[in-house]
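Working notes for the structure below.
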Amino acid sequence: MNSKKMIEFIEKSPSVFHAVKNVCINLKENGFVQLSEKDRWNLKPGKYFVTRNSSSVISFVIPKENFSGFLISSSHSDSPCFKIKENPEIASDICVKLNVEKYGGMLMAPWFDRPLSVAGRIIWSDDDSTNLTETLVDIDRDLVLIPSLAIHMNRDANKGSEISVQNEMCPLFSLDKNEKLMNIISKEANVSEDKIISTDLYLYNRCSSSVWGAQKEFISAPKLDDLECVYTTLMGFLKTSNENFTTVHAVFDNEEVGSLTRQGADSTFLNDVLHRINSSLGRTDEEYHTAIAQSFMVSADNAHAVHPNYSSKADPINRPEMNKGPVIKFNAAQKYTSDAVSSAMFKQVCKKAGVPFQIFTNNSDVAGGSTLGNISNAHVSLRCVDIGIAQLAMHSPYETAGIKDIDYMIRAIEGFYSI
């Protein structure tokens, strides 16, 4: 059941804006009240959420009694993809292509020969004023495709070669040289084309999610990194209540490009929200700092499972597998925040919840990436552990994970919020 609902969540989330909208729908259905950063907050015990840039959202539950700290999970709404540039059409005497650029570090080869479409947001106005309206759009049909070059014209194709985004990754859009993307976008949004001022539009993979394998033990879908963690942490968050801590669920945008935006983990967003919770309840600045000192964060971003065809790329000892439970991630260079104390706490949470857990460390000769924990800690310094769900083909437009790990992660996060 959890896998079916997660697939529905992912398929309704073709862009970061749609993903956050769907998080907000779940929150509202569970009695959360939306706040605005522009308004004064007069909080009392209850459920709230606030968005920034329509692509990040922080929700929280304030207990009835005075709380001692914050329990926070963080994940990210974005995935590597192609962003459509302004004035997108590249017209020739043969066809019209769309001009795109890379967003994030991606595996580009799997984008060839897949049905793709366009989703994101438009900003428009009825007049020349600065009264702007945002509308989400999703062209819910197979719209474009990036065709491969035939093997006959590149006999070395299977030997590996560098891919040029500008020359090889611009998707085929139309054979009609007069066709314009904005014409289709405006019809979908029901906004006349001359009112559209600007856009944030992205390509997305149209291949349906799939549960497969001899025992139906695998799930493949677009954007598992990191919508799988967004969904599972949200489900665990919604299932729990805590009398001693304010529980917080944070979803940040732009992790895949370094988080250096006003809605990223390297922004003031989390710090701003926690400070405003504290001050709105009449608590002192000293009480805020004591609360932070007693707080804990789970940074949830998917992890690498041992690849069946490239097993030597993994560490020789710590070798995460799909369907074996959440993965605790370590790195001596502190690209992950996990240490002996924070990992011990999460291990105990998993044991109490009856959930297996695994350990990830990089092969010492293979450099790894970083994620949300250490970035957000530069703004809100608290104890943190980095975890994820084991998966294959990370940063492909179609990724694979284990079906059991969805439930394992929900139960682990539910246990975390209940400590």
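The values are calculated or read from the model by the stated rules, or taken from the named source; none is laboratory data. Predicted model, so just to flag it, every value in this text is computed and none were measured. Because the Cβ atoms are built from the backbone with ideal geometry, glycine has one as well, and the counts that use them run over all protein chains shown.
Of the candidates S241, S259, S198, S267, the single residue that is surrounded by fewer than 19 Cβ atoms within 10 Å (Cβ to Cβ), small (G, A, S) and not assigned by TED's automatic domain parsing to the domain that holds I184 is S241. Only residues that are under 20 Å from the mean Cα position of the chain (by Cα) and among the aliphatic types (A, V, I, L, M): list them for the stretch 179-229, please. Within the stretch 179-229, L201, L203, I219, A221, L224, L227 meet the criteria. Of all the criteria given as (1) touching a Cys at 6+ places or on another chain (Cβ under 8 Å); (2) assigned to a helix (DSSP H, G or I), the one not satisfied by V341 is (1). Inspect all residues belonging to the stretch 111-123 and state whether any of them is in the same structural domain as I184 (by TED's automatic domain parsing) and without any contact (Cβ under 8 Å) to a residue 40 or more places away in the chain. Looking through the stretch 111-123, at least one residue is in the same structural domain as I184 (by TED's automatic domain parsing) and without any contact (Cβ under 8 Å) to a residue 40 or more places away in the chain. Does any residue of the stretch 350-357 turn out to be among the small types (G, A, S) and in contact (Cβ under 8 Å) with a residue 24 or more places away in the chain? Yes, the stretch 350-357 contains at least one residue that is among the small types (G, A, S) and in contact (Cβ under 8 Å) with a residue 24 or more places away in the chain. Hey, any hits in the stretch 363-384 for a residue that's modelled with pLDDT of 95 or more, within 29 Å of A214 (Cβ to Cβ) and either in contact with a strand residue (DSSP E or B) (Cβ under 8 Å, 6 or more places away or on another chain) or among the hydrophobic types (A, V, I, L, M, F, W, C) (or both)? The answer is no; no qualifying residue exists.
Output the qualifying pairs, or none if there are none: Cβ atoms under 7 angstrom, residues six or more apart or on different chains, first residue in the stretch 309-325 and of a type in the set (K, R), second residue modelled with pLDDT of 95 or more and assigned to a loop (DSSP other than H, G, I, E, B). From the stretch 309-325, the pairs are K313/H307; R319/V306; K324/P356.
Yes or no, residue by residue, for (1) loosely packed, with under 15 Cβ neighbours inside 10 Å; (2) of a type in the set (A, V, I, L, M, F, W, C):
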position: A291; (1), (2): no, yes
position: A300; (1), (2): no, yes
position: A303; (1), (2): no, yes
position: P308; (1), (2): yes, no
position: S311; (1), (2): yes, no
position: I317; (1), (2): yes, yes
position: G325; (1), (2): no, no
position: I328; (1), (2): no, yes
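For the stretch 348-389, taking the residues that are touching an Asp or Glu at 6+ places or on another chain (Cβ under 6 Å) and under 20 Å from P316 (Cα atoms), the one that is surrounded by the fewest Cβ atoms within 10 Å (Cβ to Cβ) is identified as N363.
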